[in-house]
1. Extension gain Leu30-Glu12, at 0.36 nm per residue separation less the Cα-Cα distance, in nm?
2. Calculate the spin-label point distance for Val139 paired with Asn85, positioning each point 7 Å from the Cα along the beta-carbon direction, and give it in nanometres.
3. Met41's amide H: which non-local residues (gap 5+, or another chain) put their own amide H closer than 5 Å, with H modeled 1.01 Å from N in plane and none for Pro or chain starts?
4. Please tell me the relative contact order of the chain in percent, rounded to the nearest whole number, where contacts are Cα pairs under 8 Å and at least six residues apart.
5. Using 7 Å Cα-to-Cβ label points, what is the Ala22/Glu151 separation (nm, one decimal)?
6. For the range 64-73, take each phi angle, set θ = phi - 60°, evaluate the Karplus expression 6.51 cos²θ - 1.76 cosθ + 1.60, and give the result in whole Hz per residue in order, putting x for glycine and proline.
7. So what's the net charge close to His9: Lys and Arg +1, Asp and Glu -1, counting the other residues with Cβ under 12 Å from its Cβ?
8. Hey, what do the phi angles of the range 79-95 turn into as Karplus ³J(HN,Hα) couplings, whole Hz, using 6.51/-1.76/1.60 and θ = phi - 60°, x for Gly and Pro?
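The values are calculated or read from the model by the stated rules, or taken from the named source; none is laboratory data. Keep in mind that this is a model prediction, so the values were computed, not measured. Positions of Cβ are generated from backbone atoms using ideal geometry, with glycine treated the same way; all protein chains shown enter the neighbour counts. To get the accessible areas, we keep the full protein, side chains included, count just its heavy atoms, and leave off ligands, DNA and RNA. Shrake-Rupley method; radii C 1.70, N 1.55, O 1.52, S 1.80 Å.
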Amino acid sequence: VVNPSIAVHLSEWTEEPFNIDAIESKIRALVASFATEIPGMVVGVSGGSVEVRIGDRPPVVIKELEGRLVAPPGEMQLQISSRANVFDSLRIEESIAGDTLATKGSIKINRLRLRESLAAFFPRPDEYIEDGEISVDVVLTSVGLKKIKAEIEGTSPSLALVRRARNTVIEG
């Protein structure tokens, strides 16, 4: 798929708790469907863009989206890289075993701008963070969705926190 452009507008989050068993069941069904309906499918994406907006919040605009999805038999593999208005770069690599949902993966985000990303995803984003950015490397392993092991490394050159009229800048 070359140069796809997608816009997604989501409604505000509900206060209802989500059902982890139902979500896991849907993922199992999706992986099983790939394995039986289109085994060995490979989908590549080049030059894509996605705009995601929640309610009336500022959008997250993803650009330079590159990706590859390999469907089972065996395991589903996903690789994604992109840039966005809230981060400089994102790289995701995941593999999911079709039979057990055993997952191995990594997520790397460079220069995630905290204020802008929080404004896009949370209703009261500016309550504590005035400015700052972080870079994060996350390695995930799991079997299913109920027990996930994550190793996280991160750096933040500067973070400005605010509470009422007081503020603090953390540098390092």
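1. Using 0.36 nm per residue and subtracting the Cα-Cα distance, I get 3.9 nm.
2. Each label point lies 7 Å from its Cα, and together they span 3.5 nm.
3. Correct list: Ala71.
4. Worked out over the chain, it gives 15 percent.
5. The two pseudo-label positions are separated by 3.6 nm.
6. 6, 6, 10, x, 8, 10, 10, 8, x, x
7. Result for the neighbourhood of His9: -1.
8. Residue by residue, the range 79-95 yields 9, 9, 9, 6, 10, 7, 6, 10, 8, 7, 7, 9, 9, 10, 9, 9, 9 Hz.
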